[in-house]
Each structure stands twice: as structure tokens, then as C-alpha cells.
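**Student:** Dropping a structure here in C-alpha cells format, bear with me for questions.
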Amino acid sequence: MFEAWPYSAGIGGGLQIAPNGMHVLAEIGLADEMIRRGSIAESFDFYSQSGARLGSINRNMQQRFGQPAVNMSRATLNEAIINKAWCENVELAFEKRLVSIEDRADQPIIAHFADGTSAEGDFLIGADGVHSAVRAHVVPDGPKPFDTGLIGFGGFVPRSMFENTPIGQRVETTFGQSGFFGYGFCSSDLQDGVMWWSTQPSHGVDAATFRAMSQDAIKQHLLTFHAGWHDPIPQLLQAAENIVVTATLDVATLPTWWRKRVLLIGDAAHATSPHAGQGASLALEDAMRLGRLMQEGQELGVTFENFESERRPRAERVVALARRNGNSKREFSAAGAWIRDRMLKWLIPFTAKGMDWMYAYDPRDAGSTPQRQTSDRRYRQAA
């Protein structure tokens, strides 16, 4: 396994692994550890900018789907997966940034890295995210990541801020006239036990520009943007340190996820904006489903075709949901925000039921499908 970045602990903000992703972590023996080191999210609650409650979704996840939704820091998840890989004797190499791929018939496939080294293998899996270098090999003239017009800020604050509030194990989120804010417990750590995030229209100022600012300037921007929002949002932002800024990117649908002996998975294949809370869980699903298909011992092209046929419909459905959810976090007029909030109050109960398909999916049990059988026939005919 070759990682472009140096090995580092403590990088990134918070995230939630949904029940479908937790099934994968359970399969590799990490679910209990993530629950212990993270925080179970018992619901996802919505509020208006003034603090009026709009509704709640994602209740009783463990009882309904066999695993809970768990908040955690991205650093905790990365550390656990890397340690597990090392314990399983997986060879890991860091600071290996891919620059090119050679895939010639009757020869090993070769990955060339920026430091002048290379590696050979029987196949190559590109799990290198939204800015995938492998994608450029699979689809040379394919779509590039584009900015969605929203920008994200996030970080952690001490648990002590919420000692006297009734938040419990809920994730509390707020729709503003412009933008969106959320927070919830993500670990038992007294210093960094609460994760928070703000999503807002970028108004032409990209993430790189904000990253070049001082932390004080970023904090002042957030305090100004969220001025007048209900408590404890202003207090939380006053306590925020080490604020992370992220671009909210998307990638148009790819014509294919594989070429010869190279396959894309995760955000490299189906990048999704964060508004469905499924990016990491989809990537975990991909890894498990590909592993299971590889164990069947079929020809590599059949395996890759079956993987894409099985995974593409689900991934694209989640990507479409995330795009729709992102639209509710853009800028509204005062009247438009008032109408949206009242519509949400009516729609949220129906939305909650309509999302069960996303969480009920168990990648351990996803077996043979009509799509897979069709792809088997199509590949044999092409061969």
C-alpha cells in the first residue's frame, strides 16, 4: 500500500461512520474500538437559525440496522486502520506520490512515484481520493473535480463546554438563512471531545485563500458569519482552535471505473460531497466488496466489471442525495429561509424513512445480483 502523504497523527476534523460503514469495521475487528474511542450518535437533530426545533432523524440506528452511527475524529479512524494493517503484516509506504502508471501486456504493472522509485504488481487499485492521480490513467480525458460553491470549516472544542447542556449523544445541526452548522460529541477526550463544522457559500473565496489567513482571522470570519445564531454556536466558535478549512468538491460521473489492470474505488471512482455523511462509509463498503469479489478467483477484468456493476448504482444514488442536500445549505432570502424551515419541519419525518435504504445496506451480505450476471455475460462476449 502506497500513501502519497507522510505518516502523521492528529490530522483532519471529525466525521461520522454510518451503520453500513460500521459493518465493515466490525468485519475487520475495529467496530468496538471505534465505539470506545468515538461517540455513538443517537440522533441527528435539526434547528433553525433562531433555535426552533425542526425535527430529528437517524434514531435507534443500532436496533434498526445492527450497528450504530459513530462520531469520531478522522485521525482516530486513520490510526486504527493503519495499526490494523501493520498487525496484519501489510506493507505500507508513505510519501509515495504517484506520477505515472505503465500497464503493458505480459508484463507486471508498474507504478512510478515522484521520489524516483517504482513498484511492480499484478494489478493496481486507486483509492487516492477526489484528486485521484490514478483516475487520470483510467479516464485520461475524464471529468475533473469542481468546486460546488460551498466551503467547509471545522475542528474540535473541549467537552467541558457542554457539561451543562442537554445535548447528550445527539448531533445538533442548524440551517441558517445562509449556511449550515453542526456539532456533537466525538470522543471522551476532555480537550477535543466535541466536533463542529460550518458549511457556507464561498462567495468566490476559495479554501486556499482562507488557509493562508491567520487562525484569528478565520475565527473572526466565522463569528461574523454566524452572528445572531442561537446558542451555543457563538460560544463554540469563540473556543475554537486549529480550525480546518476544506473545499467542497464534486466530480461528474465517470464513464468507467477501470481500465485493463487498474481499478478506482472510493472517492477516486465516485467522489461525493459531504452532505449525505456517507463518503467514508461508501469507501469502506467498496473495500469490502472488492475484497470479496477478488476471493472468487475470476479473471481480473470480470472481477472489475462485476465490482463496478454492483457498486455504481448505489454510489451514484448516494452522490445524487448529497448534491440535493447541499442545495439546502446555500443562501436564501429571509422569506425563502422561512419557507424552507417550515417545509423541513413537515418533510423531515418522511425524509427519515426514505433514507433507510442507505443505512440498511450490509456489505457483508451483498451477493450475486442480476447486474453482476449481466456483466459476466457482457465481458465474455467482449472477450
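**Student:** Tell me, what ³J(HN,Hα) does each residue in region 263-274 have, in order and in whole Hz, if you take phi through Karplus 6.51 cos²θ - 1.76 cosθ + 1.60 with θ = phi - 60° and put x for Gly and Pro?
**Tutor:** In residue order, the calculated couplings are 10, 9, 9, x, 4, 4, 8, 8, 4, 10, 5, x Hz.
**Student:** Please work out the Cα convex hull volume for region 1-61 and give it in Å³ per residue.
**Tutor:** 153
**Student:** Further question: Taking the 0 to 90 degree range and rounding to the nearest ten, how far is the long axis of helix 300-327 tilted relative to the main principal axis of the chain, both from C-alpha atoms?
**Tutor:** 20
**Student:** Determine the per residue accessible area of region 1-74 with all protein chains present and a 1.4 angstrom probe, expressed in square angstrom.
**Tutor:** The answer is 45 Å² per residue.
**Student:** With an 8 Å Cα cut-off and a minimum separation of 6 or more residues, compute the relative contact order for region 51-125 in percent.
**Tutor:** 15
**Student:** Let me ask you something else. Need one number: nm distance between label points at Glu299 and Arg64, each 7 Å from Cα along Cα→Cβ, rounded to one decimal.
**Tutor:** 4.4
**Student:** Something else: Do you know the relative contact order of region 15-86, to the nearest whole percent, from alpha carbon pairs under 8 angstrom that are 6+ apart?
**Tutor:** 42 percent.
**Student:** Probe of 1.4 angstrom, ligands and nucleic acids ignored: what's the accessible area per residue over region 263-302, in square angstrom?
**Tutor:** Each residue of region 263-302 exposes 31 Å² on average to a 1.4 Å probe.
**Student:** For Asp356, what charge total do you get from the other residues with a beta carbon under 15 Å from its beta carbon, if Lys and Arg give +1 and Asp and Glu give -1?
**Tutor:** +4
**Student:** Per-residue accessible area for Phe146 at 1.4 Å probe radius, Å² rounded to 10?
**Tutor:** 90
**Student:** Now for a separate question. List the relative contact order of the chain as a percent without decimals, with contacts defined as Cα pairs under 8 Å and 6+ residues apart.
**Tutor:** This gives 22 percent for the chain.
**Student:** Let me ask something else about it. Once the other residues with Cβ under 14 Å from the Cβ of Arg317 are scored (Lys, Arg +1; Asp, Glu -1), what is the net sum?
**Tutor:** +1
**Student:** For the chain, I need the span (max minus min coordinate) of the C-alpha atoms along each principal axis, in Å, sorted largest to smallest.
**Tutor:** Principal axes ranked by extent give 65, 45, 40 Å for the Cα atoms.
**Student:** Picking from Ala26, Ala268, Ala334, which is most flexible by a Gaussian network model of the chain using Cα springs under 10 Å?
**Tutor:** Its mean-square fluctuation being the largest, the pick is Ala334.
**Student:** Length gain on complete extension for the stretch Ile81 to Ala334, per 0.36 nm per residue less the alpha carbon to alpha carbon distance?
**Tutor:** 86.6 nm is the gain from fully extending Ile81 to Ala334.
**Student:** When N counts the residues of region 1-129, how does its alpha-carbon radius of gyration compare numerically with 2.2 N^0.38 Å, as a ratio?
**Tutor:** Here the Cα radius of gyration is 1.41 times the empirical estimate.
**Student:** State the three equivalent ellipsoid semi-axes of region 244-370, derived from the C-alpha gyration tensor as the square roots of 5 times its eigenvalues, in descending order and whole Å.
**Tutor:** For region 244-370, the ellipsoid semi-axes come out as 34, 17, 11 Å.
**Student:** Can you tell me which of Phe307, Phe175, Phe225 moves the most in a GNM of the chain? Springs connect C-alpha atoms under 10 Å apart.
**Tutor:** Of the options given, Phe225 has the highest mean-square fluctuation.
**Student:** Oh, and also: Evaluate the distance, in nm, between pseudo-label points positioned 7 Å from the Cα of Met343 and of Glu316 along their respective Cα→Cβ axes.
**Tutor:** Inter-label distance under the simple model: 2.6 nm.
**Student:** Let me ask something additional. Grab the beta carbon distance between Asn327 and Ala239, set R0 = 30 Å, and tell me the FRET efficiency rounded to 0.05.
**Tutor:** Computed FRET efficiency for Asn327 and Ala239 comes out at 0.45.
**Student:** Aspartates and glutamates within cross-link reach of Lys144: Cα-Cα under 18 Å, excluding same-chain residues under 8 positions apart?
**Tutor:** Qualifying aspartates and glutamates at Cα under 18 Å: Asp128, Asp206, Asp250, Asp267, Glu316.
**Student:** If you split all Cα-Cα distances of region 219-319 into 5 Å bins from zero, what percentages do you get per bin, shortest first?
**Tutor:** Over region 219-319, the share of Cα pairs per 5 Å bin runs 2, 11, 18, 16, 12, 9, 8, 7, 6, 6, 4, 1, 0 percent.
**Student:** Describe numerically, in nm with one decimal, the distance between label points set 7 Å from Cα along Cα→Cβ at Ala105 and at Asp356.
**Tutor:** 5.2
**Student:** Per-residue accessible area for Arg64 at 1.4 Å probe radius, Å² rounded to 10?
**Tutor:** Its heavy atoms expose roughly 110 Å² to the probe.
**Student:** Counting only protein heavy atoms and using a 1.4 Å probe, what share of the accessible area of region 173-218 belongs to carbon plus sulfur, as a whole percent?
**Tutor:** The C+S portion of the solvent-accessible surface of region 173-218 is 54 percent.
**Student:** Now, a different point. Any chance you could look up the accessible area of Glu241 with a 1.4 Å probe, heavy atoms only, rounded to 10 Å²?
**Tutor:** Solvent-accessible area, nearest 10 Å²: 120 Å².
**Student:** Continuing with the same structure: Taking a point 7 angstrom from the Cα of Leu190 along the C-beta vector, which residues in region 144-166 have backbone N less than 17 Å away?
**Tutor:** 157-164
The values are calculated or read from the model by the stated rules, or taken from the named source; none is laboratory data. Since we're looking at a predicted model, the values are computed, not measured. When we count neighbours, we look across all protein chains shown, and the Cβ atoms used for this are built from the backbone with ideal geometry, even at glycine. We work out accessible area using only protein heavy atoms, side chains counted, and drop any ligands, DNA or RNA first. Shrake-Rupley method; radii C 1.70, N 1.55, O 1.52, S 1.80 Å.
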